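Note sheet for the following structure.
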Amino acid sequence: MIWFAVWTTLVLATLAGAALLGLRLWRSGKALLAQLHETGEVLDRLQDRIDELERARTETDPVPDLVATDEQRARWRAVRATNRERREERRRRRRAATYARWRDAGLPS
């Protein structure tokens, strides 16, 4: 009689463990399918963005400096100068903020 109880307990515990394992596997599979669906949507948006960028690139292909007009070169130089000025201004602000933090922390300036 005792062996019947032991084997019944073992079988029931195995079935319960299999049920829990199956439930976890089912939930993981559902989560995987949801993630795959979301990934597909993101890839669709990415492909749309890539197509848009390719269209924009073909519409405004840059001209090499060798065949560029003087106006184009002047515009490019102005843009580069503006970019340099903005970069310098950001660098100055960052440096001033760093020195201010150093002074607040009591470190040598």
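Tabulated values for the structure
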| read-out | value |
| --- | --- |
| Karplus-derived 3J(HN,Hα), 6.51/-1.76/1.60, for each residue of the range 68-78, Hz, glycine and proline x | 6, 7, 5, 5, 5, 4, 5, 5, 4, 5, 5 |
| Whole-number accessible area per residue in Å² for the chain, which is evaluated in the context of all protein chains at 1.4 Å | 95 Å² |
| Cα-only radius of gyration and Dmax that characterise the range 1-48, units Å | 20.7, 70 |
| Residue 43 paired with residue 76, simple spin-label distance in nm, labels 7 Å along Cα-to-beta-carbon | 3.9 nm |
| Options 67, 9, 35, ranked by Cα towards positive dipole end of the chain, top entry (Cβ charges) | 67 |
| Structure-based [θ]222 nm, the chain - -39500 (n - 2.57) summed over DSSP H runs of at least 4, per residue, nearest 500 | -32000 deg cm²/dmol |
| Accessible surface of the chain [probe 1.4 Å, protein heavy atoms]: carbon and sulfur percent | 61 percent |
| Linear extension gain, residue 93 paired with residue 31, 0.36 nm per residue minus alpha-carbon span | 17.6 nm |
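The values are calculated or read from the model by the stated rules, or taken from the named source; none is laboratory data. Worth saying up front: this structure is predicted, and the values here are computed from it rather than measured. Every residue, glycine among them, receives a Cβ derived from its backbone with ideal geometry; neighbour counts consider all protein chains shown. The protein model used for the area step is the full one, side chains on, heavy atoms only, and it has no ligands, DNA or RNA in it. Shrake-Rupley method; radii C 1.70, N 1.55, O 1.52, S 1.80 Å.
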